[in-house]
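Here is the structure we will look at, set down as structure tokens.
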Amino acid sequence: MNQYKIAWLPGDGVGVEVMEATRLCLDALKFNAEYVHGDIGWEFWCKEGESFPQRTIDVLKHCDAALFGAITSKPVKDAERELVPELQGKGLVYRSPIVRMRQMFDLYTCLRPCRAYPGNPLNFKEGIDLVIFRENTEGLYAGVEFSPVPGELKEVLTRLSKPFAHFADLPGDEYAITCKINSRHGCERIIRAAFEYAKKFNYPKVTVIHKANVVRATEGMFLEIAKRVAKDYPGIQMDDANVDAICMWLLKNPKSYGVLVATNLFGDIISDLSAQMVGGLGFGCSGNIGEKLAVFEPSHGSAPKYAGQYKVNPIATILAAKMMLEWLGEKAMAERLEAATAAVIAAGAVRTYDMGGSATTIEMAEAIAREV
Ligand SMILES: NC(=O)c1ccc[n+]([C@@H]2O[C@H](COP(=O)([O-])OP(=O)(O)OC[C@H]3O[C@@H](n4cnc5c(N)ncnc54)[C@H](O)[C@@H]3O)[C@@H](O)[C@H]2O)c1
């Protein structure tokens, strides 16, 4: 087996604990890897004014994949207050390292599988198997925002956009603008990624989620491109739904869906809805995937309330590690890790607090490692 180089980014709070637990499972699999630690998160923001230091970016440039725990993020003003005194007043502005990582390495696919493992007391319904493809670098998260709105922009919008007339007389600090930017290239590659996945893993249908009737320029383009791409996959059915409607349909008939694809914000929302149906934050895992690098993580944050207690569920991170193995091409190992996790869930003897039990983070990982 190849020896892989894995960037190991525990981050803050419970991120450190779930990563330690996940390592027990990777070691039980005898996954042949060199783990290279990377500093990331709040501690480095406070000490250095940089939550994602250049040395960590360099680690990522030379790794096959990365596993990431969780970080703490705070609003800009609180972030400035927590800087060491010598860095305060220097104009440093906190920006989420995760969003930066996605944009810097063009990790354009956010892949979120949500599977209801039999016996999980937190399942909303049995048999749910959803896979969400969320565009990860564009849309409302592109970061093109104006608050206050500068005069030049106001002038251009007054000239070019009729609906803008409602706002034209307001002073620039009485409103704010966030631009939703989608490129044809960005839409096409995420839609294609969803169809390719459906083809590879035998899902009969891809559901395209949008709001093309109201957000016409960008969402209309997304739907139009999806219809064109779907023609290249004659064996796979395409259907589409408005984002608001799909929230109702997913809750009502989750088993009618498999692969879903959406632009950034809608994908973010649908991903959390779907994760909650299969156990919530202790089970939600995701992959941020580009052409050259992929970073896998649980979808929860640093859960400061539980930090240092080894209490939270490591399954989300263990399933993120399973996704990493799959992406690296280690299919057999990925299957063993998932089967071991499913077996421990089904047996029900070891459960963390969220599942109604009292096992620690490490006890849950040890049970899965034994099963491996
Ligand atoms: N990807 C990330 O690193 C990420 C994601 C979300 C939030 N955050 C950051 O994390 C910090 C805390 O945010 P938050 O409290 O809103 O969200 P959170 O996801 O950290 O935790 C919210 C609650 O969910 C539960 N929870 C979280 N992970 C769990 C697990 N593995 N097992 C069982 N229960 C679990 C706990 O009750 C916890 O208090 C903030 O600074 C936030 O910005 C980071």
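Side notes on the structure shown:
- Residue-wise HN-Hα couplings along segment 78-86, as the Karplus relation 6.51 cos²θ - 1.76 cosθ + 1.60 with θ = phi - 60° gives them from phi, are 5, 4, 5, 4, 8, 5, 4, x, 5 Hz; Gly and Pro carry x.
- Pairwise centroid distance, computed over Cα atoms, of segment 1-31 with segment 174-216, Å: 31
- Segment 38-82 - Debye-derived log10 I(q)/I(0), Cα point model, q = 0.20, 0.26 Å⁻¹: -0.67, -0.94
- Heavy-atom accessible surface of the chain, averaged per residue, reaches 46 Å², computed with a 1.4 Å probe.
- Sites listed here are trypsin sites (Lys or Arg not before Pro) in segment 222-316 whose DSSP assignment is loop and whose Cβ has at most 13 other Cβ atoms within 10 Å: 231, 292.
- Residue-by-residue Karplus 3J(HN,Hα) for segment 211-227, coefficients 6.51, -1.76, 1.60, Hz, glycine and proline x: 9, 5, 6, 10, 8, 6, 5, 7, 6, x, 5, 4, 5, 4, 5, 4, 5
- Applying both filters, DSSP loop and at most 15 other Cβ atoms within 10 Å, to the GluC sites (Glu not before Pro) of segment 282-372 gives 291.
- Fraction in percent of alpha-carbon pairs per bin - 20 Å, the chain: 27, 56, 17, 0
- The helix-based estimate of mean residue ellipticity at 222 nm for the chain, built from -39,500 (n - 2.57) per DSSP H run of four or more residues and divided by its residue count, is -12500 deg cm²/dmol to the nearest 500.
- Debye log10 I(q)/I(0) for segment 1-118, one point scatterer per Cα, at q = 0.11, 0.13 Å⁻¹: -0.44, -0.60
- Counting all C-alpha pairs of segment 118-277, share separated by more than 24 Å (%): 43
- Amide hydrogen neighbours beyond the local backbone of residue 114, cut-off 5 Å, H modeled: 130, 131, 132
- For segment 65-165: rounded, prolate or oblate by the Cα gyration tensor [a/c cutoff 1.5]: oblate
- When the trypsin sites (Lys or Arg not before Pro) in segment 91-147 are filtered for DSSP coil states and for at most 13 other beta-carbon atoms within 10 Å of their beta-carbon, the remaining sites are 125.
- Label-point separation in nm, residue 90 to residue 247, each point 7 Å along Cα→Cβ: 4.2
- Cα gyration tensor category, rounded, prolate or oblate, for segment 147-195 with a/c compared to 1.5: prolate
- Gyration tensor (alpha-carbon) shape descriptor, segment 290-366, a/c threshold 1.5: oblate
- Only protein atoms count toward the accessible area here, which uses a 1.4 Å probe; on the chain, the carbon and sulfur part of that area reaches 54 percent.
- Remark: segment 123-139, residue by residue, has Karplus-estimated 3J(HN,Hα) of 5, 6, 9, 6, x, 6, 8, 10, 10, 9, 9, 10, 5, 10, 10, 10, x Hz, where x stands for each Gly or Pro and the curve is 6.51 cos²θ - 1.76 cosθ + 1.60 at θ = phi - 60°.
- For the chain, the residue among 356, 210, 140 whose Cα projects farthest onto the positive side of the dipole built from Cβ charges is 210.
The values are calculated or read from the model by the stated rules, or taken from the named source; none is laboratory data. Values in this document were obtained by computation on a predicted structure and should not be read as measured data. Every residue, glycine among them, receives a Cβ derived from its backbone with ideal geometry; neighbour counts consider all protein chains shown. These accessible areas exclude ligands, DNA and RNA; they are computed on the full protein's heavy atoms, side chains included. Shrake-Rupley method; radii C 1.70, N 1.55, O 1.52, S 1.80 Å.
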